[in-house]
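Working notes, beginning with the structure itself.
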Amino acid sequence: MHGYDEPVYLISVVAKALDIHPQTLRQYEREGLVCPSRTDGKMRLYSQKDIDRINMILRLTRDLRVNLAGVDIILQFKDQIDAFETEIEDLKMQVSRLSKQGTIPPEKTLVTRKNIYEVIIFGE
């Protein structure tokens, strides 16, 4: 069994499994939407994580009619959300560990906002 992030699938296998042309996968790579690993011979190898990401791209483009620029923005937001969720889980574990010790040091008691994001939606 292979790990979720382990690159094992050739472009031809992925294209056939997802019923898309290999050029589509190459275009997604050129657009920076997916970054498969490369062998020493420069062959692309995709992981299950890459395949799941490509499936999301296909759902956005086929089902929701989002163009590739929109897909890029959506994926960037998704990656940020995933990073924030990981950070929140790490902070929860730290607070839990410190609570079990009985005290939380004063320098750990203040939570500050790191960044402020604004989303601007343009209407017609």
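The values are calculated or read from the model by the stated rules, or taken from the named source; none is laboratory data. Bear in mind the structure is a predicted one, so any value in this text is a computation, not a measurement. Neighbour counts run over all protein chains shown; Cβ positions are idealised from the backbone, glycine included.
Answer yes or no: is there a residue in segment 99-112 that is at pLDDT 70 or above and assigned to a helix (DSSP H, G or I). The answer is yes, given that some residue of segment 99-112 is at pLDDT 70 or above and assigned to a helix (DSSP H, G or I). Of all residues in segment 59-75, which are of a type in the set (A, V, I, L, M) and over 18 Å from LEU18 (Cβ atoms)? Scanning segment 59-75 gives ALA69, ILE73, ILE74.
Evaluated against (1) within 23 Å of LYS78 (Cβ to Cβ); (2) exposed (fewer than 12 other Cβ atoms within 10 Å of the Cβ); (3) modelled with pLDDT of 95 or more, ASP19 falls short on exactly one condition, (1).
Here ILE74, ILE81, ILE51, ILE57 are screened, and the one residue that is of a type in the set (Val, Ile, Thr), loosely packed, with under 11 Cβ neighbours inside 10 Å and within 17 Å of the chain's Cα centre (by Cα) is ILE81. Beta carbons closer than 9 Å, at least 6 apart along the sequence or on distinct chains, pair a first residue in segment 39-60 that is within 17 Å of GLN27 (Cα to Cα) with a second that is among the basic types (Lys, Arg) and assigned to a helix (DSSP H, G or I) for ARG44/ARG26; MET56/LYS78. Applying the criterion of being over 18 Å from ASP79 (Cβ atoms) and not in a helix (DSSP H, G or I) to the residues of segment 1-16, the residue that is modelled with the lowest pLDDT is MET1.
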